[in-house]
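Single-structure report; data block below.
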């Protein structure tokens, strides 16, 4: 979170507006496996202090405290939809005038590392440790760790202030499946379609204008066909087939659970910037339970130039166990053309560190900045 504020120039000591914080994290297995198993440390620090340091719902407040951020501070949790839900709520808070800018993020870290999973036919986890979204050989997903944070701000104010803009959040939709499905943990095509339709209406764009969707795409036997069915319901009848590419970042580095929506969002923003659609890897043949040929969708299996008439528009989906569905519509933001190099004065920058390795680390950070 601090790195995002540093990069964008919005650390609290330099920013006069209010900054909101919307974050969510997965189950704190480190607390369960490493902290609670050491009662001596708990006794030394005190039960309340240990709980306050490790309770996942205090993360948003902890960020606000450490960085002196005084806008709305909300801990969000909706299972695998957590990250994208945090983004949607942060955007709504800005639109309502409750904060000037907002941090939205999510994290999922598993302890112990490399703990593995047990495979069961028809269940959630992959047999061989590979995640194959929408593929005929898809057998399940693979859990992994990750964290991501983005900064949101009104487009008009960002343009006025000369901020670097990566993409435009055009609209968001949020729904829940309710009880109209086979079980509490099962997905619902209707529930997912409701969120997508709501996002399209909120963004005031036609489904036909969407040329890429970053799907939830868990590669589970039940989840993938239901997700495509929900997309087909949301898009309705179209004059042509297979005009919208789809993909899933879970094929690249697995399912980051609470942070999954952040991974998909960041991937899609970068794709819009680069004007290229990344390959959805581990895809060879379509899932036989999905009829792509008579749908608006096709799996983008190779890096592709993103050529469209007009502006590029993309959707990002994230669905959580328990039925929370979130969909966000993104639009590319035209990047300013690079101007010829202008001769600028040189400035001397000095810094110090306690060790040589720390000094080199700061050097790399300065170069990256």
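General observations
- Residues located in region 64-87, provided they are surrounded by 21 or more Cβ atoms within 10 Å (Cβ to Cβ) and assigned to a helix (DSSP H, G or I): 64, 82, 83, 84, 85, 86, 87
- Hits in region 33-44 (condition: modelled with pLDDT of 85 or more, assigned to a helix (DSSP H, G or I) and out of contact with any helix residue (DSSP H, G or I) (no Cβ under 7 Å at 6 or more places or on another chain)): 39, 40, 43, 44
- Within this structure, residue 180 passes the test of being surrounded by fewer than 17 Cβ atoms within 10 Å (Cβ to Cβ) and either modelled with pLDDT under 95 or in contact with a helix residue (DSSP H, G or I) (Cβ under 8 Å, 6 or more places away or on another chain) (or both).
- Scanning region 113-132 for residues that are in a loop (DSSP other than H, G, I, E, B) and at pLDDT 85 or above, we see that the one that is surrounded by the most Cβ atoms within 10 Å (Cβ to Cβ) is 131.
- Condition met for residue 98 (touching a residue at least 24 places away in the same chain (Cβ under 8 Å), more than 22 Å from the chain's Cα centre (by Cα) and either closer than 30 Å to residue 221 by Cα or part of a loop (DSSP other than H, G, I, E, B) (or both)): yes
The values are calculated or read from the model by the stated rules, or taken from the named source; none is laboratory data. Worth saying up front: this structure is predicted, and the values here are computed from it rather than measured. Positions of Cβ are backbone-derived with ideal geometry, glycine not excepted, and every protein chain shown enters the neighbour counts.
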